[in-house]
1. Relative contact order (percent) for region 1-124, with alpha-carbon contacts under 8 angstrom and 6 or more residues of separation?
2. If you average the C-alpha positions of region 64-80 and of region 5-55 separately, how far apart do those two centres end up, in angstrom?
3. Tell me which of 111, 81, 69 sits at the most positive position along the dipole axis of region 14-136, charges placed on C-beta atoms (Lys, Arg +1; Asp, Glu -1).
4. If I ignore ligands, DNA and RNA and count only protein heavy atoms, how much of residue 133 is accessible to a 1.4 Å probe, in Å² to the nearest 10?
5. What does the net charge come to around residue 83 if you take all other residues with beta carbon closer than 10 Å to its beta carbon, with K and R at +1 and D and E at -1?
6. Calculate, for region 70-109, the solvent-accessible area per residue in square angstrom, rolling a 1.4 angstrom probe over the heavy atoms of the protein chains.
7. Give me the accessible area of residue 77, 1.4 Å probe, in Å² rounded to the nearest 10.
8. Given (i) 0.98; (ii) 1.30; (iii) 1.07, which label gives Rg/Rh (Cα atoms, Kirkwood Rh) as computed from the coordinates?
Amino acid sequence: PSILGSVYIHPYGTAFYNEAERGTRGAADDEMQRKFWGYASRGVLDWLNQNAAPNARVCFHRTNYDSYTMYQKDKLLRSDLRYANEPDDADYLVFHYQKGFLETEYKAWQAFGRRRAWTGVYVDEAPIVQVFKRAR
């Protein structure tokens, strides 16, 4: 079961929870952490590359600036997309679900004008990371 779980959850390994927790969905229901820092941003980079407006500002929430610059250097992220430190300064928010940051999600709903994300990464329908786009 551990090997099957590891293969199933890849590349979001820290989102793995076994049957005792009812899997990733059970962990989400119990507000347990499903990732660490911002590595899950990679799962939405293609969407940003295809959908973000030219020179858009993106707040990557829990992804640090060095990762952002490496994404661009490695050509995983368009070079015109700019890093924003805070959701209030951004056109897009890459929000990482973690219990300690649920207030950020609520603020994003208000600032971005909707509760539903445009896209995201989900495991067993549990959100790992989501992208919010500012309403214009």
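1. 26 percent
2. Centre-to-centre (Cα) distance: 20 Å.
3. Among 111, 81, 69, the one farthest towards the positive end of the dipole of region 14-136 is 81.
4. It works out to around 80 Å².
5. Values: positive: 57, 82; negative: 89.
Overall, the nearby charge balance is +1.
6. I get 58 Å² per residue for region 70-109.
7. 10 Å²
8. Of the labelled values, this structure produces (i).
The values are calculated or read from the model by the stated rules, or taken from the named source; none is laboratory data. Keep in mind that what you see is a predicted model, and the values were worked out from it rather than measured. All Cβ positions, even for glycine, are placed from backbone atoms using ideal geometry, and neighbour counts span all protein chains on display. Please note that ligands, DNA and RNA were not included when accessible areas were found on the heavy atoms of the full protein model with its side chains. Shrake-Rupley method; radii C 1.70, N 1.55, O 1.52, S 1.80 Å.
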